[in-house]
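The values are calculated or read from the model by the stated rules, or taken from the named source; none is laboratory data. Since this is a predicted model, take the numbers as computed values, not measurements. Glycine also receives a Cβ, built like all others from the backbone with ideal geometry; neighbour counts cover every protein chain displayed. These accessible areas exclude ligands, DNA and RNA; they are computed on the full protein's heavy atoms, side chains included. Shrake-Rupley method; radii C 1.70, N 1.55, O 1.52, S 1.80 Å.
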There are 2 protein chains.
Amino acid sequence: MSDSPEDTIVAAVLDAIAEQRLPAGAKLGEQTLSDLFDCNRANVRRALASLAAQHVVELRPNRGAFVITPSPKEAQDIFQARRALERTIARHAAGNASSEDVACLRRNIVEETRARRSGDKPAELRLSRQFHMYLAGIAGNKVLERFLSELTMRTTLILGLYARSGGSHCAEDEHDRIVDALEAGDAEQLVELTDEHLRHLEAGLNFRSPKSSSNLRDQLLGTAGIRP
Amino acid sequence: MSDSPEDTIVAAVLDAIAEQRLPAGAKLGEQTLSDLFDCNRANVRRALASLAAQHVVELRPNRGAFVITPSPKEAQDIFQARRALERTIARHAAGNASSEDVACLRRNIVEETRARRSGDKPAELRLSRQFHMYLAGIAGNKVLERFLSELTMRTTLILGLYARSGGSHCAEDEHDRIVDALEAGDAEQLVELTDEHLRHLEAGLNFRSPKSSSNLRDQLLGTAGIRP
DNA sequence: TTATCAATTATTGTTAACAATAAGTGTTAA
DNA sequence: TTAACACTTATTGTTAACAATAATTGATAA
């Protein structure tokens, strides 16, 4: 069970991002991490190099490591890539899903709605991401699964920056209808629903007012809609 | 022009793989690399961590870093993923290509056939890969571009392991016809030609007799088709 | 001759100390 | 009061020495 310290750090950072505990732009100091996971700085450095290679973290020379803050253009590229990957995943998942898979996905949806209702945003984000990754697992292509893992991570950061403040970012029942199509084995519909789902998610973004977190100003003065 | 030593090493390793100078399974010793690029081992280690995160290199604890040797299943996953990515790339490239792009691609094809005719395999592989990456550049999606870059790299390793010994692995004129469709702006045909092209490439593989290079036996006794 | 074991060698992993750089703080002068 | 400057502090980058592990070689015994 005990991974190498490097893997532990990478996993912890990714988990934290997936639950929006680490916002875009957050600094990942070497000392801080080596204290936290008590290991030496060499391991921390390797972990950060890994995260940087996955484009989840940015290394600025002589400055340190920071969680990336995706630009609007990058956000667009990421959604385009997600559609390409997830359409393919959907097509292959359609023929592969067992009844346990379907049951597991439905349980996931129940938990997700519960989290949404109770206002537990971190849990909601984690579960939503888990839903998409579970589908990728059913498709059975490790390469697509890993690419999607990276993109869902970056999507979480995008949502943290550009999500429209008001409504929640997923139509209530889209995941439900996706599982319906999966259970029915209707590949074409599954593909279409997946595509639509991602388009809706993207349509819910607002690039006008990025919530520049990890900026003291916002954390002290609040994020009220008034101009500075 | 002078990158960090880490980037230099990463680029050099990737170039070497792209030209099949580094075969699957090759060992990348820390000392060797730090001597070669004269830098300290810390930089080498970070470079190897990056390459490992890209799944181009495998880190075995206490053993060192080795170029990955893709399994048949991985090869299949990689080609499936490539089709998903390159179909999308093709669709978006169709509308974006300038006449300079077309000219540049045609020049690339000329060089490629010349390399094939003269039996310069490293150049042929590099140019073929360059062709696909150039198309990705036209599509203008950095995320897809990076993913494809990783997969073409791994494809080169796959070809080194499983390419049918006889014929060359690309139908002579497929790249030509792809550029024709691109020039005509015919997105649908471009997508179909790209898909076919990748299927032909995959069909040219033979998983029965992997050329287990970086194995002294083969390098000394040759790769004659006789059973050991 | 073959197999097992011990000793040597080479390579990776870990640690700490030091240097270089950037950021923050306080002082001084206009 | 403000701006520029020097100084202090914190953080990253580099290096070398040492420990731990694996591979190789040679020796010994069946």
Problem - Candidates B:LEU48, B:LEU36, B:LEU28 - the one that is within 15 Å of DNA strand C (Cβ to nearest atom) and modelled with pLDDT under 95 - result: B:LEU36
Handout entry: Selection status of B:ARG46, open to solvent by 80 Å² or more (accessible area, probe 1.4 Å) and farther than 29 Å from B:ALA115 by Cα
Key = no
Exercise for the section: Could you please let me know if A:LEU51 is surrounded by 17 or more Cβ atoms within 10 Å (Cβ to Cβ), near DNA strand D (Cβ under 10 Å from one of its atoms) and on the phi < 0 side of the Ramachandran plot? Expected result: no
Exercise for the section: Kindly check whether there is at least one residue in segment A:158-165 that is in contact (Cβ under 8 Å) with a residue 60 or more places away in the chain, under 16 Å from the mean Cα position of the chain (by Cα) and within 27 Å of B:SER71 (Cβ to Cβ). Expected result: no
Exercise for the section: Take the residues in segment B:23-42 that are out of contact with any Lys or Arg (no Cβ under 9 Å at 6 or more places or on another chain) and within 14 Å of chain A (Cβ to nearest Cβ), then tell me which one is least open to solvent (accessible area, probe 1.4 Å). Expected result: B:ASN40
Practice task
Filter segment B:67-117 for residues that are open to solvent by less than 20 Å² (accessible area, probe 1.4 Å) and free of Cβ contacts under 8 Å to residues at least 24 places away in the same chain and give the result.
Solution key: B:ASP77, B:ALA84, B:ALA115
Exercise for the section: Hey, can you tell me all the residues within segment B:132-143 that are under 15 Å from the mean Cα position of the chain (by Cα) and in contact (Cβ under 8 Å) with a residue 40 or more places away in the chain? Expected result: B:HIS132, B:LEU135, B:ALA136
Practice task
Could you check, for segment B:92-102, whether at least one of its residues is among the aliphatic types (A, V, I, L, M) and within 16 Å of the chain's Cα centre (by Cα)?
Solution key: no
Exercise for the section: Tell me, yes or no, whether segment B:4-20 has at least one residue that is assigned to a helix (DSSP H, G or I), away from DNA strand C (no atom under 13 Å from the Cβ), within 10 Å of chain A (Cβ to nearest Cβ) and not hydrophobic (A, V, I, L, M, F, W, C). Expected result: yes
Practice task
Name, by its number, the condition in (1) more than 16 Å from DNA strand C (Cβ to nearest atom); (2) within 14 Å of chain B (Cβ to nearest Cβ); (3) farther than 23 Å from A:ASN206 by Cβ; (4) surrounded by fewer than 20 Cβ atoms within 10 Å (Cβ to Cβ) that does not hold for A:ASN62.
Solution key: (1)
Fill in the blank from the handout: Residues of segment A:43-56 being at the interface with chain B (Cβ under 7 Å from one of its Cβ atoms) and more than 18 Å from A:ILE17 (Cβ to Cβ), in sequence order, are A:ARG45, A:ARG46
Completion exercise
Filtering segment B:123-142 down to residues that are within 14 Å of chain A (Cβ to nearest Cβ) and open to solvent by less than 10 Å² (accessible area, probe 1.4 Å) yields B:ALA136, B:ASN141
